[in-house]
Amino acid sequence: MGDFGAFARAALAFPAVLFSFALLVVAAYWLLVLIGGAGVDILDGGEGVDGGTAGLPVTVTLSLGVLIAWAVSLAGAALTESMPLRAAALVLALFAAWAGTRVAVRLARRLLPPERVASRDDFVGRVCVIRTGRVSSDFGQAEVRADDGSTAIVQVRTQDPGLTAGSSALIFDYDADGEFFRVAPFDAALDPYGPAV
């Protein structure tokens, strides 16, 4: 019991007390993430917004900084009674948190692959299957398979009147203004992305 009492006194002493509450908030947050009540990227600004640093979510970076600052300030509070030394421990804790998170970001940049954002241009060059009765210069839909195996229904247009439901077509261009793909008839057996026969 004596060891826990000494730990609690150090955690509630200056400068550790400044980070103890923040550490409790971080622990509660990660507990919520663990049970599914919150997302890891809750502070990142939502989908499509890059709020993280080099692939690390903001919440991970902040949590690491709080943990480092708390550990260093706790050591300062436990090892010294002098207020000037404890103030120096606070400065050291802030510097250690900054340096530690910076090292973590650099490691993440080197070790984690960059996140690739999917684009409609990824479908250009793929074979699709026509899903509407016909395709014309102003009407048509087709199903196309992505790299991850998922499929998407996309708007397609062609000048060739021979494309009907079940036909294979090659996507050769994307019209950003009209938000549709241009297609041409194609033999599905030649599809490099298709299933192996």
**Request:** Please enumerate the residues belonging to region 133-176 that are closer than 13 Å to Asp121 by Cα and part of a loop (DSSP other than H, G, I, E, B).
**Result:** Ala146, Asp147, Ala176
**Prompt:** How many of the residues making up region 67-103 are open to solvent by less than 30 Å² (accessible area, probe 1.4 Å), part of a helix (DSSP H, G or I) and closer than 21 Å to Ala11 by Cβ?
**Reply:** 11
**Prompt:** Within region 13-23, can you find the residues that are surrounded by 13 or more Cβ atoms within 10 Å (Cβ to Cβ) and either under 24 Å from the mean Cα position of the chain (by Cα) or not β-branched (Val, Ile, Thr) (or both)?
**Reply:** Ala13, Phe14, Pro15, Ala16, Leu18, Phe19, Ser20, Ala22, Leu23
**Asked** Arg106 passes all but one of (1) open to solvent by 30 Å² or more (accessible area, probe 1.4 Å); (2) among the basic types (Lys, Arg); (3) farther than 30 Å from Leu62 by Cα; (4) modelled with pLDDT of 85 or more; which number fails?
**Response** (3)
**region 141-166, subset open to solvent by less than 70 Å² (accessible area, probe 1.4 Å) and in contact with a helix residue (DSSP H, G or I) (Cβ under 9 Å, 6 or more places away or on another chain), residue farthest from Val129 (Cα to Cα)** = Ala146
**Unique match (being closer than 30 Å to Phe7 by Cβ and in contact with a Ser or Thr (Cβ under 8 Å, 6 or more places away or on another chain)) among Ala97, Ala104** = Ala104
**Asked** When you look at Gly133, is it under 37 Å from the mean Cα position of the chain (by Cα) and either modelled with pLDDT under 90 or crowded, with 17+ Cβ neighbours inside 10 Å (or both), yes or no?
**Response** no
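The values are calculated or read from the model by the stated rules, or taken from the named source; none is laboratory data. Predicted, not measured: the structure shown is a model, and the values here were computed from it. Heads up, the Cβs are rebuilt from the backbone with ideal geometry, glycines too, and the neighbour counts pull from every protein chain shown. Ligands, DNA and RNA are excluded from the accessible area calculation, which covers all protein heavy atoms including side chains. Shrake-Rupley method; radii C 1.70, N 1.55, O 1.52, S 1.80 Å.
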